[in-house]
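Here the structure is laid out as structure tokens; the discussion comes afterwards.
The values are calculated or read from the model by the stated rules, or taken from the named source; none is laboratory data. Not measured: the values here are computed from a predicted model. Here Cβ is always computed from backbone atoms with ideal geometry, including for glycine, and neighbour counts include all displayed protein chains.
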Amino acid sequence: MVCATKGYSFVVLSSDAFAKEKLLTMTAFGADLRLVEPDGSLPLGHGEVDLVWCSEVLEHVADTTSFLTEARRVLKPGGRILVTVPDHGVARRTAIALARHEQHYDPLGQHLRFYTRRSLAAALEATGFERIHAGRFAPGALKGRAIRA
């Protein structure tokens with residue numbers, strides 16, 4: 001992990017004990033593993049972290065506003081959030097609508113929410129984030145693209 005080799009510390013959060021058990025291998029890289037509180041609050045102090053990295057998680061969260069508000073709470077002034085969500089693009093969304101609509105949008109499935117670039121940017125803006133850039137990124141292109149709180 002780059003974080004450990006560069007002298008950074010990092011906290012990995014999980015919403016359930018089973019997932020936390022699977023993440024225990026990250027302790028070899030110096031990760032501090034913590035469970036998210038049942039009410040959704042993050043087990044971190046106000047202004048405690050420089051970066052919140054939420055990768056392929058937001059679509060599984062029931063209350064987007066509360067989650068993003070919590071992310072802002074734990075960020076230091078000038079801290080950043082980096083969010084990635086699945087982006088199907090227009091062509092794939094059209095194919096899904098035609099071929100697998102019911103299966104893809106199953107209310108009992110893993111994904112509780114679906115985001116477009118505009119809807120994700122609007123959610124971030126509504127919870128106080130600024131200088132938002134919502135776009136497609138190639139692997140490895142996320143460095144330096146986090147949004148300032």
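Against the condition surrounded by 14 or more Cβ atoms within 10 Å (Cβ to Cβ), at pLDDT 80 or above and in a helix (DSSP H, G or I), how does Arg80 come out, does it pass? Before you say what the answer is, go through the steps one by one.
Details: surrounded by 14 or more Cβ atoms within 10 Å (Cβ to Cβ): yes; at pLDDT 80 or above: yes; in a helix (DSSP H, G or I): no.
Taking the combined requirement at face value, the residue does not satisfy it.
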Tell me which residues, restricted to region 97-138, are outside any helix (DSSP H, G or I), modelled with pLDDT of 90 or more and within 12 Å of Val83 (Cβ to Cβ).
-> Thr127, Phe129
Would you check which residues across region 28-51 are in a strand (DSSP E or B) and without any contact (Cβ under 8 Å) to a residue 40 or more places away in the chain and list them?
-> Asp32, Leu33, Arg34, Leu35, Val49, Asp50
